[in-house]
1. Note down all Cβ pairs under 7 Å where the first residue falls in segment 130-151 and is more than 30 Å from Glu53 (Cβ to Cβ), the second is among the charged types (D, E, K, R) and outside any loop (DSSP other than H, G, I, E, B), and they're at least six residues apart or on different chains.
2. Based on what the data block shows, is Gly109 in a loop (DSSP other than H, G, I, E, B) and either on the phi > 0 side of the Ramachandran plot or not assigned by TED's automatic domain parsing to the domain that holds Asp76 (or both)?
3. Among (1) more than 17 Å from Thr62 (Cα to Cα); (2) within 17 Å of the chain's Cα centre (by Cα), where does Glu113 come up short?
4. How many residues does segment 64-97 contain that are modelled with pLDDT of 80 or more and part of a loop (DSSP other than H, G, I, E, B)?
Amino acid sequence: MLPNGFPSRQRGSAALLLAILWLAMPAVLNGAEEEGETLLPGQVRERAIAGGERHVYRVAVTGAPQLVTVEQQGIDLAIESLGPAEQRATTTDTINGRWAPEILLLPAGAAGEYRIEVHPGGGFTPPGRYAIRVEALPTTTAAETRRAAALATMCRAGPSIGFKMIPMG
């Protein structure tokens, strides 16, 4: 405190610095969210989500196709993927409602890092939860190869069996 009863300027500078940091924090956090959290095969993330929100994940595809499954828990969601080198892949939003899985198959032939976005499917959407997981689909046995082929066929045939697969790009 100064002899005249006023606080020192250092305190005012520190308060100003704290205020600036406090105001800048959401922009920094949103930037980190936009980059996305890396999701490895076998990992599961469970999160709350509401209308207008987008959650971003990163998935690396190497030698095996990767199956991305989002278990909807009271909310209708869509999944978008952006392939390696910013190549547009697909968006999936099935007509299965708010309590069924959304699936997306990332092919082994397009190795690299995919950006996966999870967001509400559209219109007014009440808040809900979801669990996202990635599963590497091995293709060493005939049965594993048939399973991967069946999932790929199901994803491509989406509209005819109730899936709304929207190619992007």
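1. Partner pairs satisfying both residue conditions: Pro138/Glu144.
2. no
3. Glu113 satisfies every listed condition except (1).
4. 6
The values are calculated or read from the model by the stated rules, or taken from the named source; none is laboratory data. All values derive from a computational prediction rather than experimental measurement. Every residue, glycine as well, gets a Cβ built from its backbone with ideal geometry; the counts of neighbours run over all protein chains shown.
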